[in-house]
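The values are calculated or read from the model by the stated rules, or taken from the named source; none is laboratory data. Source: prediction; values computed, not measured. Because the Cβ atoms are built from the backbone with ideal geometry, glycine has one as well, and the counts that use them run over all protein chains shown. Protein only, heavy atoms only, side chains kept; ligands, DNA and RNA dropped before computing areas. Shrake-Rupley method; radii C 1.70, N 1.55, O 1.52, S 1.80 Å.
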Amino acid sequence: MKIGIIGGGFMGMALAYRLARRGHAVTVFERDNQVGGLATYHDYGPFFWDRFYHCILPSDTHLIRFLNEVGLGDQLRWTRTLTGFYVDRRFYSISSNLEFLRFPLVGLWGKIRLALTILYCARIRDWQRLERIPVEEWLIHTCGRATYEKLWKPLLLAKLGDSYRRVSAVFIWSYIKRLFSARDAAAKREHLGHISGGYKAVFERLEKLIRSAGGDIRMGVAVKHIDPRPKGGLWVSHDQEREAFDKVIFTSPVNVLQEVAGGELVRVANGEGGVEYLGVVCAVLVTRKPLVPYYVVNIADGRIPFTGVIGMSNLVSPQELGGYHLTYLPKYVLSGDPFLRRTDDQLRRVFSDGLRLMFPGLTADDIQGLHINRAFKVQPLQVLNYSSLIPRVTTRHEDFFVLNTAQFVNATLNNNEVARAVDEFLRDYGNRLEDREVSAGSPAACQERLRGSKVVIQ
Ligand SMILES: Cc1cc2nc3c(=O)[nH]c(=O)nc-3n(C[C@H](O)[C@H](O)[C@H](O)COP(=O)(O)OP(=O)(O)OC[C@H]3O[C@@H](n4cnc5c(N)ncnc54)[C@H](O)[C@@H]3O)c2cc1C
């Protein structure tokens, strides 16, 4: 079966690898000049590492199985990590139960309610009910108003800006659930993992495996249209060419789906009233000394222009980073926010001001480089009743499928969910990718398919 995959992010590449191994003729179309999408890599000068920060949790079973399957299991490294909190110009470690008990921002009763909320989150199964409750209402109800005002509200504002008012309780429930699954149940300690070499190593491996199974990866090729062919299958058009496929699987964001696929394939709303995305600007610091001892510092301080501090070199050894330390400073905003469109120099100034406030001891000599990375379509905003807005996997056309992160209705955005989505897609629809080959597999049909497989648009 000739299968076109739109998008060469982790979803598209993982899917292509699995399908190529099943004997399908896959072609991946990737708009950028390198594969990887949001998980791709960046040249920081002395070393390459992920454009955005990535860690692996011990509970990421789908992802870990996938990494083992592609032969990278022995490259997984686990590290004990710490979590911090920044408030009132001070850093607090909240990495153990004792530290949590000492955390001054929340009183004892507030802490008990917080701990109960975390336990409660692990037990919730009926997430659909949470979709109908605004996150603010739910947090006040479970944790109390004082804890909400001091702890949760600054965090929601930092992560979602004013849009937090429209977001459902699913957002915070899935966030808490994932966060606490990083803790070792017995030792109550946080352990996080990474792949030696970062996601660059993962994508290089996938590229090699897909190509050696006969697959094709086209980089720098933006798909413009996907149209039905009269006798089944689809045309994929890009620049001056259109190519015929038996099946097409779309993995890019919803706004692209709306642009490239007509109403006869799929109907989906994008933007307000439909799927809205948060984008991210991430300043990435390469320094000669570490900034923080934590992997994550959550920030509850409106004067700091970034949402958190991610001390990557507390997870990845500096040997892997050319002897330097790597710190990510993300700021999430709605994808239409003008902040995302500021120049690199303007953003450098904003982030440098925040750095001076938070790390007064950091000097210019300590900094080897300050990079600005950004992405416009990162995380769909989980508004009330979000699951009613998303594109379905199966579409109006039997040969066209959509598999993208907008479909994560009860989970945070992460690559374990991507690996899970790929597993479940193949389990549920794998046989539909085989069907037509049987019915349309006559020698004449095959010849027709080969003849029609590459057509230059006049
Ligand atoms: C700041 C940040 C931190 C993160 N932290 C973690 C973490 O700690 N752990 C974790 O597991 N995950 C993390 N993630 C999430 C992880 O990066 C995503 O789950 C993953 O990258 C999603 O992959 P995807 O293929 O579904 O989407 P994408 O990566 O968005 O891929 C879509 C691809 O489609 C391409 N495309 C778009 N339009 C077209 C077109 N017209 N034609 C062809 N191609 C097109 C794009 O260029 C892109 O490559 C993080 C993400 C971000 C941004």
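What to note about this one:
- Residues of region 236-261 classified as surrounded by fewer than 19 Cβ atoms within 10 Å (Cβ to Cβ) and more than 14 Å from the ligand (Cβ to nearest atom), total: 1
Residues are listed down the side, and each one gets a yes or a no for (1) in contact with a Ser or Thr (Cβ under 9 Å, 6 or more places away or on another chain); (2) open to solvent by less than 80 Å² (accessible area, probe 1.4 Å); (3) not assigned by TED's automatic domain parsing to the domain that holds Phe359:
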position: Leu67; (1), (2), (3): no, yes, no
position: Gly73; (1), (2), (3): no, yes, no
position: Phe91; (1), (2), (3): no, yes, yes
position: Leu101; (1), (2), (3): no, no, yes
position: Lys111; (1), (2), (3): yes, yes, yes
position: Leu114; (1), (2), (3): yes, yes, yes
position: Ile124; (1), (2), (3): no, yes, yes
position: Leu139; (1), (2), (3): yes, yes, yes
position: Ala146; (1), (2), (3): no, yes, yes
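- Across region 316-331, the number of residues qualifying as under 30 Å from Asn270 (Cβ atoms) and open to solvent by 50 Å² or more (accessible area, probe 1.4 Å) comes to 1.
- Test: residue in region 316-323 that is part of a strand (DSSP E or B) and within 14 Å of the ligand (Cβ to nearest atom): no
- Lone qualifier among Asp423, Asp353 - being away from the ligand (no atom under 16 Å from the Cβ) and out of contact with any Lys or Arg (no Cβ under 6 Å at 6 or more places or on another chain): Asp353
- Hits in region 63-78 - residues which are assigned to a helix (DSSP H, G or I) and of a type outside the set (Val, Ile, Thr): Leu63, Arg65, Phe66, Leu67, Asn68, Glu69, Gly73, Asp74, Gln75
- Of all residues in region 196-229, those satisfying the criterion of being within 22 Å of Leu38 (Cβ to Cβ), in a helix (DSSP H, G or I) and open to solvent by 50 Å² or more (accessible area, probe 1.4 Å) are Glu204, Arg205, Lys208, Leu209.
- Residue among Glu272, Glu207, Glu264 that is within 16 Å of the ligand (Cβ to nearest atom) and either modelled with pLDDT under 95 or outside the structural domain of Glu69 (by TED's automatic domain parsing) (or both): Glu207
- Each residue in region 291-304 was checked for being open to solvent by 20 Å² or more (accessible area, probe 1.4 Å), at pLDDT below 95 and more than 15 Å from the ligand (Cβ to nearest atom), and 3 of them qualify.
- Screening the candidates Leu321, Leu326, Leu347 for the property of being closer than 30 Å to Asn255 by Cα and not acidic (Asp, Glu) yields one hit, Leu347.
- Residues that are among the polar types (S, T, N, Q) and either within 15 Å of Asp399 (Cβ to Cβ) or in contact (Cβ under 8 Å) with a residue 12 or more places away in the chain (or both), drawn from region 211-253: Ser237, Gln240, Thr251, Ser252
- Taking the criterion of being part of a helix (DSSP H, G or I) and either open to solvent by 40 Å² or more (accessible area, probe 1.4 Å) or of a type in the set (Lys, Arg) (or both), the residues of region 1-59 that qualify are Arg18, Arg21, Leu38.
- The single residue among Leu389, Leu334, Leu384 that is open to solvent by 60 Å² or more (accessible area, probe 1.4 Å), in contact with a strand residue (DSSP E or B) (Cβ under 7 Å, 6 or more places away or on another chain) and closer than 25 Å to Trp138 by Cβ turns out to be Leu384.
- Whichever residue in region 148-165 is under 21 Å from Lys377 (Cα atoms) and surrounded by fewer than 17 Cβ atoms within 10 Å (Cβ to Cβ) and, among such residues, is nearest to the chain's Cα centre (by Cα): Leu157
- Residue in region 307-315 that is crowded, with 17+ Cβ neighbours inside 10 Å, at pLDDT 95 or above and in contact with a Lys or Arg (Cβ under 8 Å, 6 or more places away or on another chain) present: no
- Failed item, numbered, when Leu38 is tested on (1) among the hydrophobic types (A, V, I, L, M, F, W, C); (2) within 7 Å of the ligand (Cβ to nearest atom); (3) in contact with a helix residue (DSSP H, G or I) (Cβ under 7 Å, 6 or more places away or on another chain): (3)
- Restricting region 75-89 to residues that are of a type in the set (A, V, I, L, M) and open to solvent by less than 30 Å² (accessible area, probe 1.4 Å) leaves a set whose member that is nearest to the ligand (Cβ to nearest atom) is Leu76.
- Selection from region 230-254 of residues that are at pLDDT below 95 and in a loop (DSSP other than H, G, I, E, B): Pro230, Lys231, Gly232, Asp239, Gln240
- Check on Val284, under 19 Å from Tyr44 (Cα atoms), in a loop (DSSP other than H, G, I, E, B) and within 13 Å of the ligand (Cβ to nearest atom): no
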